[in-house]
Amino acid sequence: MIVRFRGGCSNFLFLSFVGTWKKEEKEEPSLISILLHLVYIIYSSCKYKILGLEQSVSKNKDVQVACKETAFAICDNMTPFAIKTLIPTLFSCLPVEKKWQIRELSLQCLERFKTSAPRQLADSLPLIVPEVTACMWDTKKQVKKASTDTMKSALDVIGNRDIEHMTGKILTAITKPKEVPEIMHKMAGVTFVQSVESPALAMVVPLLLRGLREKSTATKRQAAVIIDNMSKLVDNPVDAAPFLPLLLPALETNAESIADPEARAVTETAVAQLKRLKVLSDKHLSLRGDISKLEDIFKEKFGAKDAEGGKLAVIKFGCTVGTTLMDLKFMEDLQWAKNLSRYCEMYFDKATCDKAIEEIRIEAEKMMEIPDDDDEEDDAEELCNCTFTLAYGTKILLHNTKMKLLRGRNYGLLGGNDCGKTTLMRSIANNQVEGFPDTGQVKTVFVEADIQGEQSHLSCVDYVAIDESIAKMNIDKTKIREVLATVGFTNDGKAKPEHAVSTLSGGWRMKLALARAMLQDADILLLDEPTNHLGEYFLV
């Protein structure tokens, strides 16, 4: 179907049609498909006119109303993962050369994403904050108010509890530079414990830059301390990538020019920390969705290398959705099918779509793989190098997670309660992790104080001796006593090897489990909170 609108009356007709979609036909798939088809085709050639923004300056009041309804309907009802297709269009309407009505409506459209696409809006803040900040200084009160409202909405989606009480101050710092030193002083008192992600950085970095450029040495020092502290809590180095080119030069300038030795040393520490973060960031850049790379994959998998017109527009749209899914780590097959199938089916049959989308998702996962570190010890034996998925019941704990273990190394599992640390170790020990070497190839022992009631009457030596693994190894009791002695089980000690295990405290039971594991000569030793019951003397 080809539809072409021309003239003022037709503009109003199209705007009214789109504007009433939300009110009357929101759940009708066929109408949505037709409408989106129109949107994609017109979008590729008309840019910001598709949202009706240009018509916000119409002399006809009805057209103005329809224009606003159209823009809001599209922003509210499009898939949240596609907002980056509209952001460049909205930005193109913000320069001061545009009529203030167009600029105001563009800012209002950005604000609406707080409700319809909060996570996607947060992910886009590094792009949005600089554009909106410039508008907050506008001479037109309507534009100034709209930009301030948009920035407030942006602050609501940053998702960082450490600085949420500072959002009002951050907003003030944008329009009242004289208050920056006082705000920096309050920010320096914040204790950062939550992981720092790009939305939080997008809001705080402009304030930090102003702090670094202040005349006061104390303010410069405070900014350096905050940068150092926050950068240590950046889990994903890619989150910091957009801000490093801004912060590093400013910090390096201060490190060379600050006269106070202590403040200069603090600044140099922050510089060193950011440089370390930059090395990691450069290495992890492949984790960010790359539209150009994904477009080639889309065309290949759909067999549409020569796509043009509406088909090409749909592919480009799909690439933007796909890269947003990658950036937010939505990599499940159902998530990709749900957010891409209905659009691709405009031009391809369902079977083709299902097959192509899954192949694209798999390729996207490969694009997100982190390059291996070059090991300092090239001769270290590799015990494990695999990618696996771990679930507990219906809950996915780890998805396509890479694990590499080398002999002679110590590794730690970090995570909150109930995130699956014990489940992972137990699964490894039980040969339940796909891709992990079989225990026949790599001997793995899971250490836990698991004394059964029916065995509690046994002596420590007998308890170890009847263990299935120990019995298979034909280890005699003399060897068992020697190993027990290394962890404190001696005839003249507090715990004697011939005493019943029922007499042991929690700490001594853990030592007994450690001794049993040591006898098994394991390649990989899995320790689940082994220090919980051990005294300070034994740990030292």
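How many residues, within the stretch 78-97, are at pLDDT 90 or above, surrounded by 18 or more Cβ atoms within 10 Å (Cβ to Cβ) and either part of a loop (DSSP other than H, G, I, E, B) or touching a strand residue (DSSP E or B) at 6+ places or on another chain (Cβ under 9 Å) (or both)?
Result for the stretch 78-97: 2.
Can you report the number of residues in the stretch 210-250 which are without any contact (Cβ under 8 Å) to a residue 40 or more places away in the chain and either surrounded by fewer than 16 Cβ atoms within 10 Å (Cβ to Cβ) or more than 23 Å from residue 193 (Cβ to Cβ) (or both)?
Residues that pass the stated criteria total 9.
Confirm whether residue 154 is modelled with pLDDT under 95, touching a Gly at 6+ places or on another chain (Cβ under 7 Å) and part of a helix (DSSP H, G or I). Walk me through how you get there before you give the answer.
On the way: modelled with pLDDT under 95: yes; touching a Gly at 6+ places or on another chain (Cβ under 7 Å): no; part of a helix (DSSP H, G or I): yes.
Spelling it out, it is not the case that residue 154 is modelled with pLDDT under 95, touching a Gly at 6+ places or on another chain (Cβ under 7 Å) and part of a helix (DSSP H, G or I).
If I filter the stretch 259-266 for residues that are modelled with pLDDT under 90 and either over 30 Å from residue 225 (Cβ atoms) or not β-branched (Val, Ile, Thr) (or both), do I get at least one hit?
No, the stretch 259-266 has no match at all.
Out of all the residues in the stretch 157-207, which are among the acidic types (Asp, Glu) and either farther than 28 Å from residue 328 by Cβ or surrounded by 15 or more Cβ atoms within 10 Å (Cβ to Cβ) (or both)?
Passing the criteria: 162, 179, 182, 197.
Could you say which residue among 491, 474 is surrounded by fewer than 18 Cβ atoms within 10 Å (Cβ to Cβ), in the same structural domain as residue 422 (by TED's automatic domain parsing) and at pLDDT 85 or above?
Exactly one of 491, 474 is surrounded by fewer than 18 Cβ atoms within 10 Å (Cβ to Cβ), in the same structural domain as residue 422 (by TED's automatic domain parsing) and at pLDDT 85 or above, namely 474.
Can residue 125 be described as within 20 Å of residue 242 (Cβ to Cβ) and in contact (Cβ under 8 Å) with a residue 12 or more places away in the chain?
It is true that residue 125 is within 20 Å of residue 242 (Cβ to Cβ) and in contact (Cβ under 8 Å) with a residue 12 or more places away in the chain.
Considering only the stretch 130-150, how many residues are within 15 Å of residue 87 (Cα to Cα) and either surrounded by 21 or more Cβ atoms within 10 Å (Cβ to Cβ) or touching a strand residue (DSSP E or B) at 6+ places or on another chain (Cβ under 9 Å) (or both)?
Of the residues in the stretch 130-150, 3 are within 15 Å of residue 87 (Cα to Cα) and either surrounded by 21 or more Cβ atoms within 10 Å (Cβ to Cβ) or touching a strand residue (DSSP E or B) at 6+ places or on another chain (Cβ under 9 Å) (or both).
The values are calculated or read from the model by the stated rules, or taken from the named source; none is laboratory data. Bear in mind that the values here come from a model prediction, so they are computed numbers and not experimental data. Here the Cβ is made from the backbone with ideal geometry for all residues, glycine too, and neighbour counts use every protein chain on show.
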